[in-house]
Structure formats: structure tokens, C-alpha cells
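I have placed the structure first, in the form of C-alpha cells, so that the comments after it can refer back to it.
Every read-out reported here was derived from the displayed coordinates using simple, explicitly stated rules and does not represent laboratory data. The shown structure was predicted, so the numbers you read here are calculated from the model rather than taken from an experiment. Cβ coordinates were reconstructed from backbone atoms using ideal geometry, including for glycine residues, and neighbour counts include every protein chain displayed.
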Amino acid sequence: MEGEIVNKVANSALMVFDMEDLYPSNPRLELDIAQWLYEGFILREKDFRAHLKDFDWSTYTDAYVALYCSTDAILPAWAFMLVTSYLQPVAKKVYLGDKKALERAIFQDLLEEVDYSIYDGKATIIKGCSKHDIPEEAYILSTQKLMKHARSVMFGEACSAVPIFKKKV
């Protein structure tokens, strides 16, 4: 057929590493423990424990939870540990920090689980566009991981990739 359009990218040996394939659909929620502190600043252990015991934790079912304190309260480490002990049975995972820190931590965990051996000796492109907000740290970590396996690493789309790394032969 004359003038047939050929997708050269699909026919190439170029491997695509797409963060969107890793993106979990679980909700991301924040939990501010200041709500259980006296006047938002003082931890009264007995009251704190009572609040946790009476709280409806079902909102956090299968969610990634960012645990933080919005005030400048000085809290013992056990306060966050105690809240985590209530979240753990329902939440997918609990992290300390805000939503940005939560997203970074989620991707760090996910990228540690990837089998990078399928990229051994291959030209690889880390896809740049995504429907989701992928933290920049995820791109850095994936680059580090892929450099150990791929022949070359690029960033972006096949039509306009930026070379990042190429193994010396």
C-alpha cells in the first residue's frame, strides 16, 4: 500500500518506562492530629487516647494517609505512633508529612518494587507526560534504577526525547 503510515516508535526496540503504569488509584488523604490536642497545642494523653478511641477511622479505608500536625505543637514521637496504630488496620499505608511528601514516599516504595531487568541493554525512555501529578523525585529515582540496566535513558516522548544517559561501550 503506497503512502501507508508506519508507526516507527511502536516497531522500534525502544522501551518505555511509564510512571502512570505504577500509579495506584487509592485515595490520598491527610490527617491532622492537631484536632485532638487541647487548644491545638497541648497533648493531654488521657484525652488524646479517648479521642482516638472514639474516632471513625473508616474514612481512611484503603487510603494512603499523610499524617501531620498543622500547629507548632511539640509532640512526642509516640503521638504519631499511636495514631498510626489506629490507622494501620484500615489504611493502605501511613506516612508522616504533607500530601507532597506522601506522594514522594508512595513512588519511592513503588519504584523499589519494579523489576528493572527487563530494561537490560535496552534503549529506554522515561515517559514525561502523565494524567497524574508525578513527583520529580520519582523521575530521579527511576533514572538511578534504570542506569544500572538500560543501554541508554531518555526523557519525554519518542518524538522529542531528551537524552539523559548512555552507557560507555
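Quick one: among GLU45, GLU103, GLU137, which has the greatest mean-square fluctuation in a GNM of the chain with alpha-carbon springs under 10 angstrom?
GLU45
Once you charge only the Cβ atoms, +1 for Lys and Arg and -1 for Asp and Glu, what is the size of the charge dipole of the stretch 1-153 about its Cα centre, to the nearest 20 debye?
280 debye
Within straight cross-link reach of LYS99, meaning Cα distance under 12 Å, which aspartates and glutamates are found once same-chain residues fewer than 8 apart are removed?
GLU30, ASP32, ASP133
Take the Cα pairs of the stretch 1-127, get the Kirkwood Rh, then feed it into Stokes-Einstein at 20 °C and 1.002 mPa s and tell me D in µm²/s.
120 µm²/s
I need the shape label for the stretch 14-60. Rule: rounded when a/c is under 1.5, else prolate if a/b > b/c, else oblate, with a, b, c from the alpha carbon gyration tensor.
Prolate shape, in that a/c is at least 1.5 and a/b is the bigger ratio.
What 222 nm value per residue comes from the helices of the chain, counting each DSSP H run with n ≥ 4 as -39,500 (n - 2.57) and dividing by all residues, nearest 500 deg cm²/dmol?
Counting only the DSSP helices, I get -9000 deg cm²/dmol.
Let me know the longest stretch in the chain that avoids all chymotrypsin sites (Phe, Trp or Tyr not before Pro) found in a DSSP loop with at most 16 other C-beta atoms within 10 Å.
56-169
Apply the Karplus curve 6.51 cos²θ - 1.76 cosθ + 1.60, θ = phi - 60°, to the phi angles in the stretch 146-161 and return the couplings in whole Hz, x for Gly and Pro.
Residue by residue, the stretch 146-161 yields 5, 4, 6, 10, 6, 6, 8, 10, 10, 10, x, 10, 4, 6, 8, 6 Hz.
Quick one, what does Rg over Rh come out to for the stretch 105-169 if you take C-alpha atoms and the Kirkwood Rh?
0.96
Above 20 angstrom, tally the Cα pairs of the stretch 54-169 and express them as a % of all pairs, no decimals.
56 percent
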